[in-house]
Structure formats: C-alpha cells, structure tokens
Amino acid sequence: MSASSTKSRFVPARLLPALLILVGLGSCAWGTAELLGGVNRLAAAVLVLPRLPFLLGFDQSKVYLVLVQNRDELRATGGFVSGIGTLCLERGRLAALEIGDSYRVDDLSKDYPPPPQPLRRVMGGDYWLPRDANWEPDFPTAARQAQQLYHISTGQATDGVIAFDQRALRGLLASLDSPLQVEGFAEPITAENVETLLQRAWQPAAGQKLDNQWWLNRKNFMSVLGQSLLQRLKQTRDPRLIWKLLHQGLWLVESGHVLVYFNDPAAQSALRVADIENSLIPAAGDYLLWVDSNVGFNKTDAVVHREMVYHVDLTNPAQPTADLAMTYHHLGQPGVVCKHEASYGSGAYTDMQARCYWDYWRVYLPAGARLLKAQVKPVRAENLVTGIGWDGQVETSPAPAGMTAFAGLLLLPAGGREAVSLRVALPESVVQPLGRGGWRYALHVQKQAGLDALPLWVKVHIPPGYAVRGDAWNRTGSQEWSWRADVVRSLTLVVEVRRD
C-alpha cells in the first residue's frame, strides 16, 4: 500500500472532531437561538482546533474510557453502565476498541470507596463499582468518577470518557449506507432492529440454562458489534456519508445520547462553550432538571412513560412560586408482585421490563428554592431489598454550583400510574425587571440524558392587567399562558410580561 493510500484511508477518523464542529455551524438556521448556537460553536472551534493533534494521539496514543449505557435501566447520565472498555487513537487513527461486560472489571480485593448513600440504603451496595459510576447528572463529575473507579479496577489511566446508549447505536446505523453484517447475528443489523437483536443476544438461547457460563458470556455481542462498526467506519470514504454521520453525531450529543468528556482543560472548555458538555450549569433565571435513577435491578424504564407539568405563579413577581408534578405511567400488565431483588427471572429481557419500577428521583432547581409542600407516597420496608423503608419525606440532595435539589423514592406497580407533586418557593431573582413596569421570566429546562423526549407543559400565571409577549406562548386562561411540547434537548423559555 502506498503512502498516499494509507493517508486517505484514515482521513475520516482524523477529521472527525473538526468536522463535527463544522457540521454544527452548517446546520444552523437563521433564527436567533440557532445563530447564537452557531456563534458558540465557532468559538468552540477556535478553542479546540489547536488541541486536535493532542486529542487524536499525534504526540502519543490517547485512550478514552467508553461507557455503554442502557437507558432501559435509566441512571443520571443516561443509563446503567452495562458495558465498559477503551477506545485508542494513534496519530488520528481509530487504532483499537475494546468493550466488554462492566461486571468483568470488578476486583473486590481493591479498595473501592463506599457508594452514594441512596445506592447503599436502597440497593444494599457496599462498594462504589465502575458500573454505578454515573450517579451524578453532571457528566464531567460522573466522567471523572468513572475514570477513578476504572483505574482502581484495572490500573489503567484514561484521557477522557465517551458514553452512549441504544439510541446512539440506532442513529449511527441509520446513517450508514447499508445494513451491518455482524458475526453471530442471524440477520443484518439495522437501526430498526438493533435493540431487538441485542436483547435476543443477551438472553439465553432456547434450552440454555441460566448458569455461570451464560452469565459470563451474555454480553459478548458488545465486542463483536463494536469491532464491526469500527471496521465499517474505517472503510467509509464517501463524503456524503461522512457528512451524514457527523450531522447525526452532533444531534446525538445535543440530545444527550452521546456524552463526551476530555481531561484536557482546553478541549473541555470548548465543549462547554458549544453547550454540549452535559453539565449542570445554573442559568440566569429559573432552572429545572428532573433526574430518574432506576434502583430496581430491572430494565423497566423501557415501559415507563413520563409527563411533567410546571405551573409558575408570578401574580406577585416579588414572591414567585411553582407547582411541579411528574406523572409516571407503567405500560406493563398489572398484577405483578413488587419484589425488590437482584434476579434474572426467566432470563428473558422482556421479563426484566415487566416488573415494578423503583425510582430514586431528584429535581434540581435554582439556588434559594424552598420546598413548601410535597405529595408523594412512602415506600414500605417490605418492598425494599434492604428492609429499610422510605417515609415519604422529601430529602435535600447535594447539588452543584449552589443549586437546590430535592429527592425521594417512587415505587410504581406494573400497569399503575403515580405522581410526585411538589410546591416550591422560587428565589425572587428568577424575575428580572424590564422598562415601563414590565418584567422578564426565563426558564432553562435541561432534559435528562438517555430520554428520547420529555413531554412538558409549562404554565405561567401573571397579574391582572398584564399580558405575555411572545409567539411561543398560548393564552389558556384569563391570566394564564402556557407552552407545551416534547423536550428532546435542553432549551430556554422566556416570558416577557408587560401591561396589557
């Protein structure tokens, strides 16, 4: 092979980060928000382009920790860490990818730290292991914790973290020009069938016992599929396909199905500037992030539907309040006994989905928010594997950057519907004065990574004699204005209130 052919073979891999930023610029429309996003990405490009040789391993090889997150078992940054491994870049080339069962890196002879208190209290964990590293919704924090725990397990240092879920696989496969042929799979893998085929590969074959041999090999498909995808990407030459892949990649990052963290401060700053860091950064005004963590030893999030209503009362702008309700609907068949245990049951993936849902929920609000009232159901001791019940008292949870966080436990029976309702006093700072007696309220909504979409209904109640300015808001009452949509990525809603 000539030098020129060798160079062209790896152009896609070498240009990936730079092209990703350019795609972001090229995909912007000329709306205000989109234009601002384009400016931010241009600033990010200025920061990251000088670091590309370093990040791509031109000085020395770079190893990135890879976390395969299962959003059917939702955790703070997108899902339980089902698979774990490393991606190696050498001189711009995708040199190696190794992914395997996250349980296989555990080494209980090592000195692991204790797990977060809710994991210990609810699930009975004694060690903080790599598969539970992503407990904090701030991805930079979770990424650093994952690297630390992986280093304890293996002794290997890494240069950053890449995390993705099943939706990312679907997006990647949808961007390829043809189905993926993978050894061990009876049919070609496409975006439409990938999740079904992976579930079949995980569960025991007909007649196979749920024994140690099955357990040790149940995730072997991860490595095989990863190698097949790597080879396909290396062979990609068509500029149209490269552009399509990168455009899809940017959307997956923005929507929280792919998360990236660099140990290199300059590169990480570029992600922050481009607003794709997936961190908890309080914005000016109001802030809302709801985080669910499946603590039920199952895959039930696949059949749980969520809907949130946020009703903000601004009739007295100096004392704003909000009523927040998150409603959960279990789409499975009722009649399932809510037994909290670590069990594979029949071994069928659908059996893991059909169980009751145990959820440790957290809601992040701006600094200074105070809980006024809560309507939540307690969870009895006999419904928890530790035998330690939850009395229904909403707890204060640690939160970054001075934000306020409230937390609690939910038990949702199969086929059931439950809601968590909170009333909070918001800080006066969420309302900013405008000229001529008007004022401005801004709400930054951050969607939890891993969710396809969060149906959200925001209602704003304003004083008599005032009206809301803005095309996004609909008048739904004499003094009530509302906005309703499925949130697929983080956004900011702005209400300008002026005299009618």
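The values are calculated or read from the model by the stated rules, or taken from the named source; none is laboratory data. Please read all numbers here as calculations on a predicted model, not as lab measurements. Because the Cβ atoms are built from the backbone with ideal geometry, glycine has one as well, and the counts that use them run over all protein chains shown. Keep in mind that these areas ignore ligands, DNA and RNA; they rest on the heavy atoms of the full protein, side chains included. Shrake-Rupley method; radii C 1.70, N 1.55, O 1.52, S 1.80 Å.
Quick notes on this one:
- Checked against (1) assigned to a strand (DSSP E or B); (2) surrounded by 20 or more Cβ atoms within 10 Å (Cβ to Cβ), Glu277 meets all criteria but (1).
- Counting only residues that are within 30 Å of Tyr310 (Cα to Cα), over 25 Å from the mean Cα position of the chain (by Cα) and not basic (Lys, Arg), segment 339-375 holds 5 of them.
- Count of residues meeting criterion [in a helix (DSSP H, G or I) and over 24 Å from Leu97 (Cα atoms)] in segment 194-212: 1
- Options Ser153, Ser175; residue that is open to solvent by less than 40 Å² (accessible area, probe 1.4 Å), touching a helix residue (DSSP H, G or I) at 6+ places or on another chain (Cβ under 9 Å), at pLDDT below 95 and under 30 Å from Ser269 (Cβ atoms): Ser175
- Per the conditions (1) modelled with pLDDT under 50; (2) surrounded by fewer than 16 Cβ atoms within 10 Å (Cβ to Cβ), the sole criterion not satisfied by Cys28 is (2).
- Residue within segment 437-449 that is under 25 Å from Gln353 (Cα atoms) and either modelled with pLDDT under 95 or acidic (Asp, Glu) (or both) present: no
- Some residue of segment 399-422 being in contact with a helix residue (DSSP H, G or I) (Cβ under 7 Å, 6 or more places away or on another chain), assigned to a loop (DSSP other than H, G, I, E, B) and open to solvent by 20 Å² or more (accessible area, probe 1.4 Å): no
- Restricting attention to segment 255-270, the residues that are in contact (Cβ under 8 Å) with a residue 40 or more places away in the chain, in a helix (DSSP H, G or I) and either touching a Pro at 6+ places or on another chain (Cβ under 8 Å) or open to solvent by 20 Å² or more (accessible area, probe 1.4 Å) (or both) total 3.
- Only listed residue being among the basic types (Lys, Arg), under 25 Å from His257 (Cα atoms) and open to solvent by 30 Å² or more (accessible area, probe 1.4 Å), chosen from Arg104, Arg91, Arg121: Arg104
- Scanning segment 125-144 for residues that are open to solvent by 40 Å² or more (accessible area, probe 1.4 Å) and in contact (Cβ under 8 Å) with a residue 60 or more places away in the chain, we see that the one that is nearest to Phe262 (Cα to Cα) is Arg144.
- Of the residues screened, Asp275 is not one that is within 29 Å of Arg104 (Cβ to Cβ) and either in contact (Cβ under 8 Å) with a residue 40 or more places away in the chain or among the charged types (D, E, K, R) (or both).
- Hits in segment 53-73 (condition: more than 19 Å from Val194 (Cβ to Cβ) and either touching a Ser or Thr at 6+ places or on another chain (Cβ under 7 Å) or open to solvent by 20 Å² or more (accessible area, probe 1.4 Å) (or both)): Pro53, Phe54, Phe58, Asp59, Gln60, Ser61, Val63, Tyr64, Leu65
- Residue within segment 479-499 that is of a type in the set (Ser, Thr, Tyr) and more than 26 Å from Met403 (Cα to Cα) present: no
- Only one of the numbered conditions (1) more than 17 Å from Gly347 (Cα to Cα); (2) open to solvent by 40 Å² or more (accessible area, probe 1.4 Å); (3) more than 25 Å from the chain's Cα centre (by Cα) is not met by Ser223, and that is (3).
- Looking only at segment 466-489, residues that are open to solvent by 50 Å² or more (accessible area, probe 1.4 Å) and either in a loop (DSSP other than H, G, I, E, B) or in contact with an Asp or Glu (Cβ under 8 Å, 6 or more places away or on another chain) (or both) come to 7 in all.
- In the condition set (1) at pLDDT 95 or above; (2) out of contact with any helix residue (DSSP H, G or I) (no Cβ under 7 Å at 6 or more places or on another chain); (3) open to solvent by less than 20 Å² (accessible area, probe 1.4 Å), Ala374 is compliant with all but (3).
- Of everything in segment 149-193 that is of a type in the set (A, V, I, L, M, F, W, C) and assigned to a helix (DSSP H, G or I), the residue that is nearest to Phe221 (Cα to Cα) is Leu169.
- Test for Gly450: is it touching a strand residue (DSSP E or B) at 6+ places or on another chain (Cβ under 9 Å), on the phi > 0 side of the Ramachandran plot and open to solvent by 10 Å² or more (accessible area, probe 1.4 Å): no
- Meets criteria (under 23 Å from the mean Cα position of the chain (by Cα) and either at pLDDT below 95 or outside any loop (DSSP other than H, G, I, E, B) (or both)) for Pro463: no
- Positions within segment 44-98 being touching a Gly at 6+ places or on another chain (Cβ under 9 Å), closer than 22 Å to Ala157 by Cα and small (Gly, Ala, Ser), in sequence order: Gly57, Gly83, Gly85, Gly92, Ala95
- Positions within segment 288-344 being part of a strand (DSSP E or B), open to solvent by 20 Å² or more (accessible area, probe 1.4 Å) and under 30 Å from Gly437 (Cβ atoms), in sequence order: Val309, His311, Asp313, Thr321, Asp323
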